[in-house]
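A quick write-up on the structure given underneath.
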Amino acid sequence: MAAEGGGKEMNEIKTQFTTREGVYKLLTHSEYSRPNRVPFNSQGSNPVKVSFVNVNDQSGNGDRICFNVGRELYFYIYKGVRKAADLSKPIDKRIYKGTQPTCHDFNPLTATAESVSLLVGFSAGQVQLIDPIKKETSKLFNEERLIDKSRVTCVRWVPGSESLFLVAHSSGSMYLYNVENTCGTTAPHYQLLKQGENYAVHTCKSKSARNPLLRWTVGEGALNEFAFSPDGKFLACASQDGFLRVFGFDAAELHGTMKSYFGGLLCVCWSPDGRYIVAGGEDDLVTVWSFSDCRVIARGHGHKSWVSVVAFDHCTTSVEDGDPPAEFSGSDEDFHEQVPFGAGRDRTNSAHSRLSKRNSTDSRPVSVTYRFGSVGQDTQLCLWDLTEDILFPHLPLSRTRTHTNIMSATSPPTTGQTTTTTTVSTTTTNPSGTNGKDNVSNSSSSGGNPANSLPSTLPRSNSLPHSSNPAGGSNPNSHTGSSSSSSNSSSSTTNTTTNKGNSIIDSAFIASGVSKFATLSLHESRKERHEKDHKRNHSMGHISSKSSDKLNQLSSARTAKADAAKTLGTTLCPRMEEVPLLEPLVCKKIAHERLTVLIFLEDCLVTACQEGFVCTWARPGKVGLLSSQNNPANSPSGTVV
């Protein structure tokens, strides 16, 4: 097949590609679309989205797929790599008038072979709860559009809940609903519950229980996507203002922020163990952010247009099995506890561990490889590996970036007071990450002697297990939160405590102004002039936000351009040369229209484009029954070198 480029090889649609695991093959007979298989005219329509659920069917064919195309919504049995798709028999099909479905999500807790709970968000702002097996429409939320009139951008069930769900809108607001409550016949009245840096949480004032339970207003412009952490305790939000904001969900505390290189952020996802977040957007980049260090640790450049979806491959992500040293206690256990890899992980783990181990040095006792993928409006699929040299920065990559971290983590505590001051000073410079340019200015203000200590600390990092933190570098926030800085034993439990919720304590430091360096007031006398400007703008915004929402919008709009220029080169948004730049393992054009879906399943990965075609790519060795029906060997495109 040739695309609009006239048949040159670079413009041909790929039907297979090769990674170190083997060959991924497109299963043409497992393509799901509208029954007539006619490409959808996608001009002006909402993105095609796909949702999966497993209903634990006794037949062993329990996967169900839902996808929207234009005004239509389809629900099929998903046969994946096992059998060809039968498009003539959808379990349910709905055509909507006056509004279009934009996103949807199944509740895995309540799914059975007889009933599933499917939430569907719409372009006019409503949210519908339907059961496509029983063909019932049980409830319609925001029916009169009294809560929000803007398009629904993302809808998710709250992890572990059968009744709570969260809805994001292009207005920049998120609403928490309970399926048991009604929405009321009048517009809701809100009462401020919590306010922080560019976000606020309101409760709904009502004598009787009604929806929404909470309203979050986050950032400026649309809230494009949010994602819950694997343990359900944290919420990552990608906004049109270019900011990634990570909140403790229950406490509504801001844990950390990151700024795109430019433009809005469109998508976000968590690593299976909750240690890393990947975001993509209008800067054509994928950005990897460390949850524990609150900093950008890498960027990936391979797309030629906006990145629309990022997703981790839980089956190819691996941690070396074996007994890690005491410094790493918690990392392996957390990974196995939080990630239900099942057979998929066991199958691939040993191979990847051997590969990781072969690439590692003796000073890194635990071998880790994370695989994630991205698709974009350039019609390309990219696969990326996040490897040890990025996760545990070594010479020469570490440069000055790990200098402060290593120094604070290795300096012996002479007295409890000394340790505390060291920890606080790194907390002020590190909550949103320390790297590159900022570290040069901030480490000089921390009262140490960086020039003299540089030769002595950097060589020591060769033998260190990287500050006893698998996320790379020290974890100053958890030291502060655990209040046990006088004891070295606390560092061995650093990783566990951070993920389990000490970060809510830390966010008392972070939420007070991480994106504007407000916490640097501890070093007021040594602050530079541009940092005072950060503080001044932050204070103005904070005061005005207390007075009224309109005034807040005006003042924030006025300073938005100035703030964007100021964040570049800071820990919020490092310069390109200040963090490692990843190159994709695979970068293949796989569709004619922009790609809108990427989902990793145990036997395959699933992509979809705006024409309404949902494609299944069999993992290496998983072609199964459909191998005889495909002839990818005849394809001129085939492999990647």
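The values are calculated or read from the model by the stated rules, or taken from the named source; none is laboratory data. The model shown is predicted, which means the values in this text are computed figures rather than measured ones. Positions of Cβ are generated from backbone atoms using ideal geometry, with glycine treated the same way; all protein chains shown enter the neighbour counts. Please note that ligands, DNA and RNA were not included when accessible areas were found on the heavy atoms of the full protein model with its side chains. Shrake-Rupley method; radii C 1.70, N 1.55, O 1.52, S 1.80 Å.
What to note about this one:
- Scope the range 165-218; condition of a type in the set (A, V, I, L, M), farther than 16 Å from residue 245 by Cβ and open to solvent by less than 30 Å² (accessible area, probe 1.4 Å); matching residues: 167, 176, 179
- Considering residues of the range 90-110 that are β-branched (Val, Ile, Thr) and closer than 17 Å to residue 127 by Cα only, the residue surrounded by the most Cβ atoms within 10 Å (Cβ to Cβ): 102
- Among the residues making up the range 58-89, a single one is surrounded by 16 or more Cβ atoms within 10 Å (Cβ to Cβ), among the small types (Gly, Ala, Ser) and under 14 Å from residue 112 (Cα atoms): 62.
- Test: residue 231 is of a type in the set (D, E, K, R), assigned to a loop (DSSP other than H, G, I, E, B), at pLDDT 95 or above and within 22 Å of residue 264 (Cα to Cα): no
- Check on residue 94, touching a residue at least 12 places away in the same chain (Cβ under 8 Å) and assigned to a loop (DSSP other than H, G, I, E, B): no
- Yes/no for residue 49 being under 30 Å from residue 619 (Cβ atoms) and either buried (at least 22 other Cβ atoms within 10 Å of the Cβ) or of a type outside the set (Phe, Trp, Tyr) (or both): yes
- Looking across the range 154-171, the residues that are over 18 Å from the mean Cα position of the chain (by Cα) and farther than 19 Å from residue 202 by Cα come down to 160, 161, 162, 163.
- Given (1) of a type in the set (A, V, I, L, M, F, W, C); (2) under 27 Å from the mean Cα position of the chain (by Cα); (3) farther than 24 Å from residue 236 by Cα, number of the condition residue 140 does not satisfy: (2)
Residues are listed down the side, and each one gets a yes or a no for (1) at pLDDT below 95; (2) not small (Gly, Ala, Ser):
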{"site": "39", "(1), (2)": "yes, yes"}
{"site": "59", "(1), (2)": "yes, no"}
{"site": "62", "(1), (2)": "yes, no"}
{"site": "67", "(1), (2)": "no, yes"}
{"site": "79", "(1), (2)": "yes, yes"}
{"site": "89", "(1), (2)": "yes, yes"}
{"site": "106", "(1), (2)": "no, yes"}
{"site": "121", "(1), (2)": "no, no"}
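Yes/no per residue for (1) of a type in the set (Ser, Thr, Tyr); (2) over 27 Å from residue 566 (Cβ atoms); (3) not in a loop (DSSP other than H, G, I, E, B):
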site	(1), (2), (3)
185	yes, yes, no
194	no, no, yes
216	no, no, yes
269	no, yes, yes
277	no, no, yes
287	yes, no, yes
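- Restricting attention to the range 219-260, the residues being under 21 Å from residue 571 (Cβ atoms) and open to solvent by 10 Å² or more (accessible area, probe 1.4 Å) number 6.
- Restricting attention to the range 117-142, the residues that are touching an Asp or Glu at 6+ places or on another chain (Cβ under 7 Å), more than 18 Å from residue 67 (Cβ to Cβ) and buried (at least 18 other Cβ atoms within 10 Å of the Cβ) add up to 3.
- Residue check for residue 211: out of contact with any His (no Cβ under 6 Å at 6 or more places or on another chain) and within 25 Å of residue 180 (Cα to Cα): yes
- Filter result (among the polar types (S, T, N, Q) and not in a loop (DSSP other than H, G, I, E, B)) within the range 26-71: 28, 30, 51, 54, 68
- Residue within the range 322-341 that is modelled with pLDDT of 95 or more and aliphatic (A, V, I, L, M) present: no
- Any hit, the range 143-153, residues being under 22 Å from the mean Cα position of the chain (by Cα), buried (at least 18 other Cβ atoms within 10 Å of the Cβ) and not polar (S, T, N, Q): yes
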